[in-house]
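To keep things clear, I will list the structure first and then write my remarks on it.
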Protein chains: 2
Amino acid sequence: MSETAAMQIDSKRATTATDVAERAGVSQSAVSRCFTPGASVSARMRAQVMQAADALGYRPNLIARSLITKRSGMIGVVVGNVAQQLYPGTLQALATRLQAEGYRILLFTAPPDGPADPALEQIIAYQVDALVLAAADLSSKLAEQCRAAGIPVVLYNRTVRGQTASSVTCTNHAAGIEIAALFAAGRHRRPAFIAFDPAASTSRDRERGFRAGCRAHGLPDPIVEVGASGDAGARRAITSLLSRPNRPDAVFCPFDQMAIVAMDVARYDFGLSIPNDVSIVGFDDAPPAAWPSYQLTTYAQPVAAMVDATAQLIVEQLADPQARLRQVQVPGHLVLRQSCRLPRSQEPTR
Amino acid sequence: MSETAAMQIDSKRATTATDVAERAGVSQSAVSRCFTPGASVSARMRAQVMQAADALGYRPNLIARSLITKRSGMIGVVVGNVAQQLYPGTLQALATRLQAEGYRILLFTAPPDGPADPALEQIIAYQVDALVLAAADLSSKLAEQCRAAGIPVVLYNRTVRGQTASSVTCTNHAAGIEIAALFAAGRHRRPAFIAFDPAASTSRDRERGFRAGCRAHGLPDPIVEVGASGDAGARRAITSLLSRPNRPDAVFCPFDQMAIVAMDVARYDFGLSIPNDVSIVGFDDAPPAAWPSYQLTTYAQPVAAMVDATAQLIVEQLADPQARLRQVQVPGHLVLRQSCRLPRSQEPTR
């Protein structure tokens, strides 16, 4: 099927790529490249073509084009059940970054109580060029199925066993070690960890690093409670920890949302003072962490750099389907606020 | 181009709709309807066809099909610059609801500092079946352009002048009146309003209702400050209000995020007690409103019902392009918590 045939399918738009090429004084293939997501074209050429396209009212039909180029210009993004795991800023940053590469995000969400995985058939049917799995509670199976179906997959903020897909994460293990070191420096004695979901790589890697850090810095093994299923799960976990006769004096929560629930329970249900009675540290540096009511000490997840790495992996894999899988780890950094006791010398002023 | 031809374009998939129709003992058009977003088909027919499709490994190519049916199965959702205006729960609810109708969301976002409107060319090029404009800071022009291009548009949580598009909003005007009544009942004397953006219909409607309510309940006209541009703008506005010699004793913020900033500034910058020194009321009932640190009295925006109405309007307009435009208003309700002084008799127990 020729390009012209594809254009004629949509009878509303009469101007063809040939008209644009003629007016811009370039080849038809140059026009086509200008309108193909991810295709290489110089800024000057693009300006020339766009000017001609504007003047003629040329509207490329990307859907028809996708039958020729085998590119739909769409990246599927799968988000799971847990709305708060993916802060709106992250999805927006990802959409904005991919748009800069000429792609749009096609969103796949899970029904509230169903399985987190969308049907593979749906993903294939929409012919997305690549897929970003951006939810901690998706199964690893989907990544493998997509890869088998020839759809490049990038895992955002998680990994899978066996490394069957490229991934972008924060340096989760190192972060866990660093938080243990912070607790040790503040002379804490009874560390604890609230696990999100033992099956989720992100929570697991942070826990492993934290355990290793506790050992390395002379702290006992952390007490671990599972706080899955959103705020209610986090509330149960922190309540259980703080009800112990010898309650922990330092709690690491692998997500800020969990840490915020923990702070509220500690203050309002147990009447504890933070950080005098118990230190609480989160992970993400989500907006509420900086709110005066929380002033949460947390490990900042480098969203912009992670989003950038994700876009780069997608572009790489689309340019070369044989490209080596890569596990990219982007370093974050501790943000010291008020929720964790520090050695006297390091206390920040409010 | 016949259906079979469309299928052959993708050489990886050999099974055709004809094979499925034969096995299921139904017509080919029935198979086609089963895989066409929004097409009418009985549950029994669907089950029969899906079973046959599963058995044969039939994978419809929706992109190729869209050239025949003129339906892409995609609804464009445009979100603006302001990430916090559309809580992640809303986008997820919208995606889940539209998926139930057989549609996926194609996301259009604005670059951080560019204009909020995506290019019309892009929206047309991707051949979305309909468009949801879900950002307060989009121009009304886009809605009109899309309508002129034959793409049904639904405005979510906003309206446009001249009613050139269908819209779904909360009963914003009535809510403003109700909040004024609440302030009057709690014996407040100096009401104030922080406007989000005088050009945004949502903020404007809430302000108008609030003004009318103040008048109706014997309160003076509210002092109004503009608090646009995210948290920083809200901070400036509440700081200016609380710095007045005769500072307001009741502030209505048309979004919870703004109310939370206002509470933090009142408490931590001005040392005020809420609600003893100043009452603050928000709008949305976003998750942080219920957090113990805020216990924000707010007007709950009925997200599920609004999302439902949005999906219904889309289905209506796709079924009948001549369908009358409708301005749907869904009633919300006040949620009384701790941030607004009440008449003694109504005080809730914590």
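The values are calculated or read from the model by the stated rules, or taken from the named source; none is laboratory data. Keep in mind the model is a prediction, meaning the values are calculated, not measured. A quick note on method: Cβ atoms are made from the backbone with ideal geometry, for glycine too, and the neighbour counts reach across all protein chains shown.
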(message) Considering only residues that are away from chain B (no Cβ under 12 Å), in contact with a strand residue (DSSP E or B) (Cβ under 9 Å, 6 or more places away or on another chain) and closer than 13 Å to residue A:250 by Cβ, which ones fall in the stretch A:262-286?
(response) A:275, A:278, A:279, A:280, A:281, A:282
(request) With the checklist (1) within 26 Å of the chain's Cα centre (by Cα); (2) under 23 Å from residue A:273 (Cβ atoms) in hand, flag the one item residue B:283 doesn't pass. (result) (2)
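Taking the stated definitions as given, is residue B:320 away from chain A (no Cβ under 13 Å), out of contact with any Lys or Arg (no Cβ under 8 Å at 6 or more places or on another chain) and either under 26 Å from residue B:166 (Cβ atoms) or in contact (Cβ under 8 Å) with a residue 60 or more places away in the chain (or both)? Let's see the steps before the verdict.
On the way: away from chain A (no Cβ under 13 Å): yes; out of contact with any Lys or Arg (no Cβ under 8 Å at 6 or more places or on another chain): yes; either under 26 Å from residue B:166 (Cβ atoms) or in contact (Cβ under 8 Å) with a residue 60 or more places away in the chain (or both): yes.
The answer is yes for residue B:320.
Among the residues of the stretch B:85-96, is there at least one that is at pLDDT below 70, assigned to a helix (DSSP H, G or I) and at the interface with chain A (Cβ under 7 Å from one of its Cβ atoms)?
If we filter the stretch B:85-96 for residues that are at pLDDT below 70, which is where we start, we get B:85-88.
Remaining after also requiring assigned to a helix (DSSP H, G or I): B:85, B:88.
Retained after the next criterion (residues that are at the interface with chain A (Cβ under 7 Å from one of its Cβ atoms)): B:88.
Yes: one or more hits.
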(request) Please find, within the stretch A:254-281, the residue that is surrounded by the fewest Cβ atoms within 10 Å (Cβ to Cβ) out of those that are hydrophobic (A, V, I, L, M, F, W, C) and in contact (Cβ under 8 Å) with a residue 40 or more places away in the chain. (result) A:274
(request) Among the residues of the stretch A:72-84, write down those that are at pLDDT 75 or above, part of a loop (DSSP other than H, G, I, E, B) and not polar (S, T, N, Q). (result) A:73
(message) Quick check on this structure: which one of B:236, B:341 is more than 19 Å from residue B:205 (Cβ to Cβ), touching a Gly at 6+ places or on another chain (Cβ under 6 Å) and either among the basic types (Lys, Arg) or not in a loop (DSSP other than H, G, I, E, B) (or both)?
(response) B:341
(message) in a helix (DSSP H, G or I) and either within 14 Å of chain B (Cβ to nearest Cβ) or under 16 Å from residue A:180 (Cα atoms) (or both): is that true of residue A:306 in this structure?
(response) no
(request) Among the residues of the stretch A:1-51, count how many are away from chain B (no Cβ under 14 Å), at pLDDT 80 or above and in a helix (DSSP H, G or I). (result) 12
(message) With the structure loaded, tell me whether residue B:285 is surrounded by 24 or more Cβ atoms within 10 Å (Cβ to Cβ) and among the acidic types (Asp, Glu) or whether it fails that test.
(response) no
(message) Against the condition within 23 Å of residue A:286 (Cβ to Cβ) and among the aromatic types (Phe, Trp, Tyr), how does residue B:255 come out, does it pass?
(response) yes
(message) So for the stretch A:55-66 (the condition being at pLDDT 70 or above, in contact with a strand residue (DSSP E or B) (Cβ under 9 Å, 6 or more places away or on another chain) and more than 8 Å from chain B (Cβ to nearest Cβ)), does at least one residue qualify?
(response) no
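Taking residue B:232 as the residue in question, decide whether it is aliphatic (A, V, I, L, M), at pLDDT below 95 and farther than 24 Å from residue B:303 by Cα.
Working: aliphatic (A, V, I, L, M): yes; at pLDDT below 95: yes; farther than 24 Å from residue B:303 by Cα: yes.
Yes.
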(message) Among the residues of the stretch B:182-201, are any under 30 Å from residue B:150 (Cα atoms), in contact with a helix residue (DSSP H, G or I) (Cβ under 8 Å, 6 or more places away or on another chain) and acidic (Asp, Glu)?
(response) yes
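With at pLDDT below 90, surrounded by 18 or more Cβ atoms within 10 Å (Cβ to Cβ) and within 13 Å of another protein chain (Cβ to nearest Cβ) as the only criterion, which of A:135, A:143 stands out? It would help to see each step written out before you state the result.
Values: A:143 fails: within 13 Å of another protein chain (Cβ to nearest Cβ).
Only one candidate qualifies: A:135.
Answer with yes or no whether residue B:251 is touching a Phe, Trp or Tyr at 6+ places or on another chain (Cβ under 9 Å), β-branched (Val, Ile, Thr) and within 30 Å of residue B:161 (Cα to Cα). Step through it out loud before you land on a result.
Values: touching a Phe, Trp or Tyr at 6+ places or on another chain (Cβ under 9 Å): yes; β-branched (Val, Ile, Thr): yes; within 30 Å of residue B:161 (Cα to Cα): yes.
Yes; evaluated as a whole, the condition is true for this residue.
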(request) Take the stretch A:310-338 and flag every residue that is loosely packed, with under 13 Cβ neighbours inside 10 Å and in a loop (DSSP other than H, G, I, E, B). (result) A:320, A:321, A:322, A:324, A:331
(request) Would you check which residues across the stretch B:226-253 are closer than 15 Å to residue B:210 by Cβ and surrounded by fewer than 18 Cβ atoms within 10 Å (Cβ to Cβ) and list them? (result) B:226
(request) Take the stretch A:288-303 and flag every residue that is in a loop (DSSP other than H, G, I, E, B) and surrounded by fewer than 23 Cβ atoms within 10 Å (Cβ to Cβ). (result) A:291, A:292, A:293, A:295, A:302
